[in-house]
1. Of the conditions (1) part of a helix (DSSP H, G or I); (2) surrounded by fewer than 15 Cβ atoms within 10 Å (Cβ to Cβ), H149 satisfies every one except a single condition; which number is it?
2. Look at R141 and say whether it is touching a residue at least 12 places away in the same chain (Cβ under 8 Å) and either in contact with a Pro (Cβ under 6 Å, 6 or more places away or on another chain) or exposed (fewer than 12 other Cβ atoms within 10 Å of the Cβ) (or both).
3. What number of residues within segment 78-130 are assigned to a helix (DSSP H, G or I) and of a type in the set (A, V, I, L, M, F, W, C)?
4. Out of all the residues in segment 109-157, which are of a type in the set (F, W, Y) and touching a helix residue (DSSP H, G or I) at 6+ places or on another chain (Cβ under 9 Å)?
5. With the structure loaded, tell me whether P103 is at pLDDT 90 or above and touching an Asp or Glu at 6+ places or on another chain (Cβ under 6 Å) or whether it fails that test.
6. Scan segment 85-107 residue by residue and report those that are under 11 Å from I150 (Cα atoms) and free of Cβ contacts under 8 Å to residues at least 40 places away in the same chain.
Amino acid sequence: MKRFWLGCVVGAVLLTGCNEPEKSEAQGMQMRATQPSMDQITYGLLGPGPANYHGMDKLPTYRHRGQENTTGTSFRTMDANRQTMGDDQVTLRGVVEDSPFQPGMVIIMGSHAWINLTVPEDMDEDEKKKEMKALRQEFKRQIPRYQIHINENDQNS
């Protein structure tokens, strides 16, 4: 047991003797062989707290030089208006409201949009096909990023 503790003490002495205190870095600031300033000492002892608010702006700043999100949904500025799925639902519902059909629920999942609509009872099949074709073209014109699936509801339900 004495050999174990003697080995630990010798190992600790050897490890502490291998470092070079003249070239150490603390808090990202290189310490010089000369006398450190009072700001460096208080920052090292107390850290970035209320006692060191006067020196916080002197710390080096780092800029991220990696990839930045520059897509339309980027939140680089908080005051810009952004297109959301809620806006897309309102647009899809508005297209149906401008047609002779009655709009129902609009569901968006990924690149697919399901639109429920009600066909009027007095509309015949040829007119319905013509209006459906015009409705699909309007969907493609206004929001081309979605694959539109139209579900027809019965007037009675």
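The values are calculated or read from the model by the stated rules, or taken from the named source; none is laboratory data. Not measured: the values here are computed from a predicted model. Cβ coordinates were reconstructed from backbone atoms using ideal geometry, including for glycine residues, and neighbour counts include every protein chain displayed.
1. (1)
2. Details: touching a residue at least 12 places away in the same chain (Cβ under 8 Å): no; either in contact with a Pro (Cβ under 6 Å, 6 or more places away or on another chain) or exposed (fewer than 12 other Cβ atoms within 10 Å of the Cβ) (or both): yes.
So R141 fails the test.
3. If we filter segment 78-130 for residues that are assigned to a helix (DSSP H, G or I), which is where we start, we get 85-97, 125-130.
Subsequent filtering for residues that are of a type in the set (A, V, I, L, M, F, W, C) retains 85, 90, 92, 95-96.
The qualifying residues number 5.
4. Step one: list which residues in segment 109-157 are of a type in the set (F, W, Y), which gives 114, 139, 146.
F139, Y146, listed by residue number.
5. Working: at pLDDT 90 or above: yes; touching an Asp or Glu at 6+ places or on another chain (Cβ under 6 Å): yes.
In short, yes.
6. Across segment 85-107, the qualifying residues are V96, P103, M105, V106, I107.
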